[in-house]
Amino acid sequence: SQEHLSFYQRILMREANQAQLANSLKMLTECLFAHHKRAPIVLIDEYDTPLHAGYVHGFYDEIVPFFRNFLSAGLKDNRCLFKAVLTGILRISRESLFSGLNNLKVYSLLETRFSSYFGFTEPEVMALLQKAGLQDKFSGIKDWYNGYAMAGTTIYNPWSIINCIEEGGCLKPFWVNTSDNELIKSLLAGSSGSFKENFEALLQGETLESRIDENIVFA
């Protein structure tokens with residue numbers, strides 16, 4: 001409709017106000033539904049990145065209400081939406097961001113249901129290496145890149161594996177400098193002396209057991 005067209009022209013021209021921006025996800029699903037005659041699936045990757053930036057740069061209290069409205073408008077009681085999946089790295093409390101949503105299910109890295117989907121599994125890595133004729137490189141690749149254990153499933157970083165294969169099995173830290181680590185840096189800098197000692201022990205190749213509390217949230 002003309003209403004939808006003028007709405008998105010304002011967004012594309014960066015002329016939309018806060019209320020229009022907060023309603024933009026809902027309007028997008030309405031446009032897709034009207035065009036395709038099917039309710040779309042909405043996939044939002046790194047949904048927490050704006051909140052992460054807000055925490056680091058001092059506008060967390062401003063960005064949280066906006067995204068609460070943005071997600072509530074687009075995802076709650078939206079007749080044009082089939083399903084939505086959000087992925088991120090930070091645990092944002094339901095009270096601060098998702099209070100307006102219902103039927104919300106949270107899966108963390110400790111859940112077994114999707115543990116094999118957070119990266120490449122070992123059989124998948126072996127299959128890729130065999131296709132590339134690099135199966136003899138598996139031992140070194142395992143030493144370098146299987147640094148993740150998701151609920152008992154060994155997971156390899158896809159970016160590292162793909163780049164390693166592209167470079168004929170060359171072992172390098174491909175993941176370095178591919179993400180923003182400002183939050184980690186600030187938390188490490190402000191951590192206790194005992195935490196720094198434990199972290200240093202890990203860097204020296206020692207092991208450390210620690211209890212994980214999933215109820216601790218970002219704020």
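The values are calculated or read from the model by the stated rules, or taken from the named source; none is laboratory data. These numbers come from a predicted model, not from an experiment. For neighbour counting, all protein chains shown are included, and Cβ atoms are generated from backbone atoms with ideal geometry for every residue, glycine included. These area figures cover heavy atoms from the full protein model, side chains too; ligands, DNA and RNA do not enter into them. Shrake-Rupley method; radii C 1.70, N 1.55, O 1.52, S 1.80 Å.
Laid out as a table, the results:
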| item | result |
| --- | --- |
| Any hit, segment 127-139, residues being farther than 29 Å from V85 by Cβ, among the aromatic types (F, W, Y) and part of a helix (DSSP H, G or I) | yes |
| For V176: the one exception among (1) surrounded by fewer than 11 Cβ atoms within 10 Å (Cβ to Cβ); (2) in a helix (DSSP H, G or I) | (2) |
| Subset of segment 116-137 (residues that are charged (D, E, K, R) and loosely packed, with under 14 Cβ neighbours inside 10 Å) | K131, D136 |
| Boolean, N69 is open to solvent by 50 Å² or more (accessible area, probe 1.4 Å) and polar (S, T, N, Q) | yes |
| Condition check for L81: farther than 26 Å from D213 by Cα, modelled with pLDDT of 90 or more and open to solvent by less than 40 Å² (accessible area, probe 1.4 Å) | yes |
| Pair list, Cβ < 7 Å and 6+ apart or interchain, from segment 22-41 residues that are farther than 22 Å from I63 by Cα to residues that are open to solvent by 60 Å² or more (accessible area, probe 1.4 Å) | A39/F33; A39/F82; P40/L32; P40/F33; P40/F82; I41/F82; I41/K83 |
| Subset of segment 6-18 that is touching a helix residue (DSSP H, G or I) at 6+ places or on another chain (Cβ under 9 Å) and part of a helix (DSSP H, G or I) - its residue that is most open to solvent (accessible area, probe 1.4 Å) | Q18 |
| Test: R113 is charged (D, E, K, R) and open to solvent by 80 Å² or more (accessible area, probe 1.4 Å) | yes |
| Residues within segment 25-60 that are in a helix (DSSP H, G or I) and under 21 Å from the mean Cα position of the chain (by Cα), tallied | 11 |
| Contacts under 6 angstrom Cβ, first residue in segment 1-21 being without any contact (Cβ under 8 Å) to a residue 12 or more places away in the chain, partner assigned to a helix (DSSP H, G or I) and surrounded by 10 or more Cβ atoms within 10 Å (Cβ to Cβ), 6 or more apart | A16/R10 |
| Hits in segment 42-52 - residues which are surrounded by 15 or more Cβ atoms within 10 Å (Cβ to Cβ) and either free of Cβ contacts under 8 Å to residues at least 40 places away in the same chain or of a type outside the set (A, V, I, L, M) (or both) | Y47, D48, P50, H52 |
| N181 being open to solvent by less than 80 Å² (accessible area, probe 1.4 Å), among the polar types (S, T, N, Q) and either out of contact with any Phe, Trp or Tyr (no Cβ under 9 Å at 6 or more places or on another chain) or at pLDDT 95 or above (or both) | yes |
| Matching residues in segment 53-65 - criterion: being surrounded by 16 or more Cβ atoms within 10 Å (Cβ to Cβ) and either without any contact (Cβ under 8 Å) to a residue 60 or more places away in the chain or hydrophobic (A, V, I, L, M, F, W, C) (or both) | A53, G54, I63, V64 |
| Complete set of residues in segment 185-206 that are more than 20 Å from V56 (Cβ to Cβ) and aliphatic (A, V, I, L, M) | A201, L202, L203 |
| Within segment 140-166, considering residues that are of a type in the set (S, T, Y) and outside any helix (DSSP H, G or I), the one least open to solvent (accessible area, probe 1.4 Å) | Y156 |
